[in-house]
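Visitor: Following this message is one structure expressed as structure tokens.
The values are calculated or read from the model by the stated rules, or taken from the named source; none is laboratory data. Source: prediction; values computed, not measured. Counting neighbours? That spans all protein chains shown, and the Cβs are built from the backbone with ideal geometry, glycine included. Heavy atoms of the whole protein, side chains included, go into the accessibility calculation; ligands, DNA and RNA do not. Shrake-Rupley method; radii C 1.70, N 1.55, O 1.52, S 1.80 Å.
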Amino acid sequence: MVNDFGKRTDVNELGEFGVIDHLTKNFVNRNASTLKGVGDDAAVIETKDGVKLVSTDFLVEGIHFDLMYMPLKHLGYKAVVVNLSDIYAMNGIPEQITVSIAISNRFSVEALEELYAGIEAACKYYKVDLVGGDTTSSPKGLVISVTAIGQGKKETTTYRSTASVGDLLCVTGNLGAAYLGLQLLEREKQIYLSNPGVQPDLEGQNYLVGRQLKPEARVDMIELFAKSELVPTAMIDISDGLASEVFHLCKQSKVGAFVEESGVPLHPDTELQAINFKLDPITCALSGGEDYELLFTIAPDQIEKIKYLPDIYIMGEMVPAADGINLHTKGGNVHAIKAQGWRHF
Ligand code: ADP
Ligand code: MG
């Protein structure tokens, strides 16, 4: 686009977060019911009996998925899961979804049935209702957009902006596995393309490939928080990698943080495969993404509550903003953690 002065700014100059900030900075909320607009995992809208949570995402063929190794049924499942994850990240429960698709004539009814079988499986597992959407044609490829609507309580809704200095930084599950699953699938794709006779060799890689092709959202953690009467002080889901999500929590809460490398949970298969690919496992956790785990902070006096909860790991602490966002390595060094959204328009 060219403005009146003939200046053309490439979107890559601003990056993903910069573009969103730039485009939305002049918008004001005109309704008192809008408790949170742009800037969190989901919008928060006040209702008579709590809050409604709304989140939406696009999945574009060739950018977010490759049908050479992503079965349509898995794609449908994943498209739903990534949106539900954003509702859980607000400490809410998703109840409805809408699904919109743009399809080229390459897709048959049978192919779309596969996609919807995956969507249905996710609806069943996560107990959400498909309540609408839109269908249109696309000149090339498949585009899916899912919107998730959830329910929460005003007092227990968890934002990105409410972490305090001294809060403990926690994470669920383990990180970096989905990224390595993608690297494995990409490697096999390249081998297949250069020699179509060769069958993919993914033996023993079920865990990593599964984390990429069939991610799950942490509804179990939200249920556990409720049962333990634990309300995180802030929360975000890990879609873009730990580095980027810690950065969002810090920026919006106006604090800094440190992450202990030794506290970042890694699956044994992640450590093994990272080394096979000559990658540092911690880099996979920091920059990989698509883990759909929850990153959250708790007040220090809540430590007894989470110490004995399964699959939750304390890996750092929130510090004054002036101290920055740092990784304390196992070797005793301190590295600044940098956020990275995508830059691939
Ligand atoms: P997430 O990674 O959790 O899906 P995003 O980084 O996609 O979050 O989005 C961050 C925030 O910016 C969200 O509040 C989202 O609704 C908002 N947002 C993203 N793109 C746009 C857009 N084009 N216009 C308005 N708001 C947007
Ligand atoms: Mg999110």
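Visitor: Could you list which residues have their amide H under 5 Å from that of L67, counting only those 5 or more apart in sequence or on another chain, with H placed in the peptide plane?
Guide: G62
Visitor: Now for a different question. If R₀ is 25 angstrom, what is the calculated FRET efficiency for the pair E203 and M68, using the beta carbon separation as r and rounding to 0.05?
Guide: On the way: r = 19 Å, r/R0 = 0.76.
The pair E203/M68 has a calculated efficiency of 0.85.
Visitor: Thinking of the chain as a set of Cα atoms, what percent of all their pairs are more than 30 Å apart? It would help to have the intermediate numbers written out before the result.
Guide: Values: 23116 of 59340 pairs.
For the chain, the fraction of Cα-Cα distances above 30 Å is 39 percent.
Visitor: Could you tell me the distance between the Cα centroids of the range 272-298 and the range 222-262, to the nearest Å?
Guide: Taking the Cα centre of the range 222-262 as reference, the centre of the range 272-298 is 15 Å away.
Visitor: Using a Gaussian network model of the chain with C-alpha springs under 10 Å, which one of F258, F58, F107 is most mobile by mean-square fluctuation?
Guide: In this elastic network of the chain, the residue with the biggest mean-square fluctuation among F258, F58, F107 is F107.
Visitor: Another question about this same structure. Taking only protein heavy atoms and a 1.4 Å probe, what accessible area per residue, in Å², does the chain have with all protein chains in place?
Guide: Details: 17610 Å² over 345 residues.
For the chain, the solvent-accessible area averages 51 Å² per residue.
Visitor: Where does the range 168-336 land on Rg(C-alpha)/(2.2 N^0.38 Å)?
Guide: Values: Rg = 17.4 Å, N = 169, 2.2 N^0.38 = 15.5 Å.
Normalised by 2.2 N^0.38 Å, the Cα Rg of the range 168-336 equals 1.12.
Visitor: Then there is this: For the chain, with all protein chains present and a 1.4 Å probe, just round the carbon and sulfur fraction of the accessible area to a whole percent.
Guide: Working: 9570 of 17610 Å².
Carbon and sulfur atoms account for 54 percent of the accessible area of the chain.
Visitor: Let me ask something else about it. Run the simple label-point estimate for V334 and E271 please: 7 Å along Cα→C-beta, distance reported in nm.
Guide: Calculated label separation equals 2.7 nm.
Visitor: Right, here's the next one. Can you give the direction-averaged projected area of the convex hull of the alpha-carbon atoms in the range 141-204, in nm²? Intermediate results must be reported in sequence, preceding the final value.
Guide: Details: hull surface 36.4 nm².
Average of the hull's projected areas for the range 141-204 equals 9.1 nm².
Visitor: About its Cα centre, what dipole magnitude does the range 51-152 give when the only charges are +1 on Lys and Arg Cβ and -1 on Asp and Glu Cβ, stated in debye to the nearest 20? Write out the running numbers ahead of the final one.
Guide: Values: 7 positive and 11 negative charges, 21 e Å.
That gives a dipole near 100 debye.
Visitor: Are any of the pairs K52/K154; K48/K154; K78/K124; K73/K124; K78/K214; K78/K251 more than 18 Å apart by Cα-Cα distance, and if so, which? If you can, show how the numbers build up before the last one.
Guide: On the way: K52/K154 9 Å; K48/K154 10 Å; K78/K124 13 Å; K73/K124 14 Å; K78/K214 6 Å; K78/K251 28 Å.
Checking Cα-Cα distances, K78/K251 exceed 18 Å.
Visitor: Right, something else. Using the beta-carbon distance between I314 and T56 and R0 = 45 Å, what value does 1/(1 + (r/R0)^6) give for FRET efficiency, to the nearest 0.05?
Guide: Values: r = 32 Å, r/R0 = 0.71.
For R0 = 45 Å, the calculated efficiency reads 0.90.
Visitor: When a/c reaches 1.5 or more, the comparison of a/b and b/c decides; with that in mind, is the range 1-129 rounded, prolate or oblate per its Cα gyration tensor? Could you put the intermediate results ahead of the total?
Guide: Values: a/c = 2.60, a/b = 1.17, b/c = 2.23.
Oblate shape, in that a/c is at least 1.5 and b/c is the bigger or equal ratio.
Visitor: Here's a follow-up. Could you work out how much longer the chain between E110 and Y125 gets when fully extended? Use 0.36 nm per residue separation minus the Cα distance between them, nm to one decimal. Please report the intermediate quantities before stating the final value.
Guide: Working: separation 15, 0.36 × 15 = 5.40 nm, distance 2.28 nm.
Here the answer is 3.1 nm.
Visitor: Something else about it: Which residues among the range 66-105 fall inside the zone where the amide N is under 15 Å from a point 7 Å beyond the Cα of K153, along Cα→Cβ?
Guide: 91-93
Visitor: Find how many whole Å separate the alpha carbon centroid of the range 87-132 from the alpha carbon centroid of the range 165-191.
Guide: 24 Å
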